[in-house]
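The values are calculated or read from the model by the stated rules, or taken from the named source; none is laboratory data. Keep in mind that this is a model prediction, so the values were computed, not measured. Here the Cβ is made from the backbone with ideal geometry for all residues, glycine too, and neighbour counts use every protein chain on show. Accessible surface is based on the protein model in full, side chains and every heavy atom, while ligands, DNA and RNA are left aside. Shrake-Rupley method; radii C 1.70, N 1.55, O 1.52, S 1.80 Å.
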Amino acid sequence: CEPGFIWVEDVPSCCGAPAQHCFYESDLNILQSIIDNSTESINLEMDDNEDGIIEPVELGLTEWVGGRLVALDCFLSNIMNCNLSGPLPDNFGDLEFLEALWLTGNQLSGPIPESIGNLTNLELLYLSENQFSGNIPEDMCNIDIDWGGENTWGVEYFNIHNNLLCTPYPSCMDAEIIGMQND
């Protein structure tokens with residue numbers, strides 16, 4: 001593997017065909033932090049190699065290009081939830097190649113990390129139906145998402161309703177885009 005990447009021997013089929021084995025270590029470490037924060041709740045049905053441990057490459061449904069994480073679906077189209085809990089790591093924004101993120105319907109809590117504004121390749125962001133609290137970071141406006149738009153299938157590019165988020169909202173969003181929040 002190139003510098004900064006590590007070899008992963010036991011790779012689920014979801015990680016690309018033909019199988020790739022070199023993954024960017026920082027991306028794996030961020031996913032491991034999410035797993036570590038969710039030890040009490042995580043869905044062990046994702047354990048592809050059945051060793052009783054969720055490895056970063058087993059988390060949800062992922063897409064990797066050149067060993068970099070470009071998509072993470074921990075909602076799994078409502079088929080199987082990842083059951084994530086706890087906060088997102090502060091360095092979550094270091095997933096710089098991420099283009100699509102579905103974290104709907106987990107039990108993620110705490111503030112949305114300021115670093116999320118670093119995800120400038122993000123085109124789709126779903127954070128709804130969690131327990132995120134506090135203010136939405138103004139830096140989220142750095143992401144080039146059509147905040148109120150939807151694609152040709154009528155699917156929104158952004159959804160953050162049913163959390164515990166407070167005003168004031170970032171300058172690129174309004175109450176309609178944010179949607180209903182739980183009290």
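Percent of alpha carbon pairs in the chain separated by more than 29 Å?
Pairs farther apart than 29 Å: 19 percent.
Using a/c under 1.5 as the rounded threshold, could you call the range 51-156 rounded, prolate or oblate? The axes a ≥ b ≥ c are square roots of the C-alpha gyration tensor eigenvalues, and prolate needs a/b larger than b/c, oblate otherwise.
Rounded, because the longest to shortest axis ratio a/c is under 1.5.
Taking a quarter of the surface of the Cα convex hull of the range 132-183, what do you get in nm²?
Over every viewing direction, the Cα hull of the range 132-183 projects on average to 3.6 nm².
With each run of n ≥ 4 DSSP H residues scored as -39500 (n - 2.57), what mean residue ellipticity at 222 nm is computed for the chain after dividing by its residue count and rounding to the nearest 500 deg cm²/dmol?
-2500 deg cm²/dmol, from helical runs alone.
Looking at L124, N43, H161, which one has the Cα that reaches farthest to the positive end of the dipole of the chain (charges on Cβ: Lys, Arg +1; Asp, Glu -1)?
H161
State in Å² the accessible area per residue of the chain; use a 1.4 Å probe, count heavy atoms of protein chains only, and round to the nearest integer.
On a per-residue basis, 49 Å².
For q values of 0.21 Å⁻¹, compute log₁₀ I(q)/I(0) with the Debye formula on a Cα-only model of the range 1-105, without solvent.
-1.19
Hey, rough spin-label estimate for Q107 and W153, points 7 angstrom out along Cα→Cβ, what's it come to in nanometres?
3.0
If amide H atoms are built 1.01 Å from N in the plane of the peptide, which residues on other chains or at least 5 residues away come under 5 Å of the amide H of N135?
C166
Between M80 and E96, what length in nm is gained on full extension when 0.36 nm per residue of separation is reduced by their alpha carbon distance?
3.2 nm
How large, in percent, is the carbon and sulfur part of the accessible surface of the chain at a probe radius of 1.4 Å?
48
Quick check: pseudo-label points 7 Å beyond the Cα along Cα→Cβ at V65 and D10, how many nm apart are they?
For the pair V65/D10, the computed spacing is 3.0 nm.
Describe numerically, in nm with one decimal, the distance between label points set 7 Å from Cα along Cα→Cβ at D174 and at D48.
4.4
Given R₀ = 22 Å, what would the calculated FRET efficiency be for Q181 paired with N29, taking r from the Cβ atoms and rounding to 0.05?
With R0 = 22 Å, the Cβ-Cβ based efficiency is 0.10.
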